[in-house]
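Here's the structure, in structure tokens; my notes come after.
The values are calculated or read from the model by the stated rules, or taken from the named source; none is laboratory data. Quantities reported herein were computed from a predicted structural model and do not represent experimental measurements. Because the Cβ atoms are built from the backbone with ideal geometry, glycine has one as well, and the counts that use them run over all protein chains shown. Only protein heavy atoms, including side chains, enter the accessible area calculation; ligands, DNA and RNA are left aside. Shrake-Rupley method; radii C 1.70, N 1.55, O 1.52, S 1.80 Å.
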Amino acid sequence: SQQGEEDPQALSIQEGENATMNCSYKTSINNLQWYRQNSGRGLVHLILIRSNEREKHSGRLRVTLDTSKKSSSLLITASRAADTASYFCATYDSGGSNYKLTFGKGTLLTVNP
Amino acid sequence: SAVISQKPSRDICQRGTSLTIQCQVDSQVTMMFWYRQQPGQSLTLIATANQGSEATYESGFVIDKFPISRPNLTFSTLTVSNMSPEDSSIYLCSVEGLAGTDTQYFGPGTRLTVL
């Protein structure tokens, strides 16, 4: 089954720096969603980008989608210590079960003050 | 987004027992889902909770082990039956269909430890 794969698995940066996380997937998608999870708690939805979109912004977040390369990136600008969390991409399949989100393994981001 | 609550938030259970987790949403939603997140791992979909009919289970998950109820459009339960230490995970419910969107929103999760 398809699965988003994030890289890097772990990223450690200093406060104020930018953080970039990448996600690759294998088959056609309707959309791709990014989530944040703090310390094993519930997931917070960050951004949804559709297959016909190439870039979306939300505050300090910028998401790109390249369907030809089957990849997406999440950029967090001017990072803060509070951004420390695990970040997951999830793909929404365009065929078969339209309601299934498939999650990648996640990137653990640590922002050092 | 909606307010999604789960009960209990955490529990420690003995091997061989069962635990029922509740998920409540503050508005009616079309789709509700249950996920499992094993320690240090990503999320895996267990099943789609269908209102008024049997849940749709993903490969590797069966109704006898994870019975699910969905009596209405705002509530669902997941039972983890005959638990073993391998069932120690975070269990999360999610909802979709708020305001006609296809965004999935997640509850806070239930952290289960089986001794």
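For this structure, a couple of remarks:
- A simple count of charges around A:Ala19, restricted to other residues whose Cβ falls under 14 Å of its Cβ and scoring Lys, Arg +1 and Asp, Glu -1, yields -1.
- Distance-filtered residues of segment A:27-43 - backbone nitrogen under 19 Å, label point 7 angstrom along A:Ala10 Cα→Cβ: A:37-41
- Contact order relative to length of chain A, as percent, for alpha carbon pairs under 8 angstrom and 6 or more apart: 38 percent
- Building the convex hull from the alpha-carbon atoms of chain B and averaging its projection over directions returns 6.6 nm².
- Rg over Rh, two decimals, chain A (C-alpha only, Kirkwood Rh): 0.96
- For segment B:59-108, a reduction of at least 50 Å² in accessible area between the chain on its own and the assembled protein chains (probe 1.4 Å) is found at B:Asp102, B:Gln104, B:Phe106.
- Taking A:Gly42, A:Gly59, A:Gly16 in turn, the Gaussian network model of chain A (Cα-Cα springs below 10 Å) assigns the largest fluctuation to A:Gly59.
- Label-point gap, in nm, between A:Arg60 and A:Ala81 - each point 7 angstrom along Cα→Cβ: 1.3 nm
- Within the accessible area of the protein assembly as shown (1.4 Å probe), percent carbon and sulfur: 46 percent
- Only Cα pairs under 8 Å and 6+ residues apart enter the sum, and on that basis the relative contact order of segment B:47-89 stands at 31 percent.
- In terms of its Cα atoms, the protein assembly as shown spans 48, 37, 32 Å along the principal axes, sorted from long to short.
- Selection from B:Thr110, B:Gly60, B:Gln41, by position along the positive dipole direction of chain B (Cβ): B:Thr110
- Span from the segment A:34-107 Cα centroid across to the segment B:64-84 one, whole angstrom: 28 Å
- Between A:Glu17 and A:Thr110, the contour length at 0.36 nm per residue exceeds the alpha carbon distance by 32.3 nm.
- Fraction of beta bridges assigned by DSSP in the protein assembly as shown that are antiparallel (%, nearest 5): 90 percent
- Summing charges over neighbours of B:Ser9, with a neighbour being any other residue whose Cβ is under 15 Å away from its Cβ, gives +3 when K and R count +1 and D and E count -1.
- Measuring heavy-atom accessible area with a 1.4 angstrom probe and counting protein chains only, the residues of segment A:26-47 that give up at least 50 Å² relative to the chain alone are A:Leu43.
- 12 Å beta-carbon shell around A:Trp34, net charge (K/R +1, D/E -1): +2
- Using θ = phi - 60° and Karplus 6.51 cos²θ - 1.76 cosθ + 1.60, couplings along segment B:71-87 (whole Hz; Gly, Pro as x): x, 8, 7, 10, 9, 8, 10, 10, 10, 9, 9, 6, 5, 10, x, 5, 7
- Close amide-amide hydrogen proximity is noted between A:Asn30 and A:Tyr92, A:Asp93, A:Ser94, each under 5 Å apart and 5 or more residues distant or on a separate chain (H modeled in the peptide plane; Pro and chain starts excluded).
- Residues whose amide H comes within less than 5 Å of that of B:Cys13, counting only those at least five positions distant or on another chain, are B:Thr113, B:Val114, B:Leu115 (H built at 1.01 Å from N in the peptide plane).
- Neighbouring Cβ atoms from other chains, within 10 Å of the Cβ of residues in B:33-46, number 4 on average.
- Working note: Karplus 6.51/-1.76/1.60 with θ = phi - 60° gives segment B:54-64 the couplings 5, 5, 9, 9, 7, 4, x, 10, 10, 5, 5 Hz, where Gly and Pro are set to x.
- Taking each of A:Lys56/B:Lys7; A:Lys26/B:Lys7; A:Lys100/B:Lys65; A:Lys26/B:Lys65 in turn, the alpha-carbon distance tops 24 angstrom for A:Lys56/B:Lys7; A:Lys26/B:Lys7; A:Lys26/B:Lys65.
- Built amide H within the under 5 Å cut-off of B:Lys65, gap 5+: none
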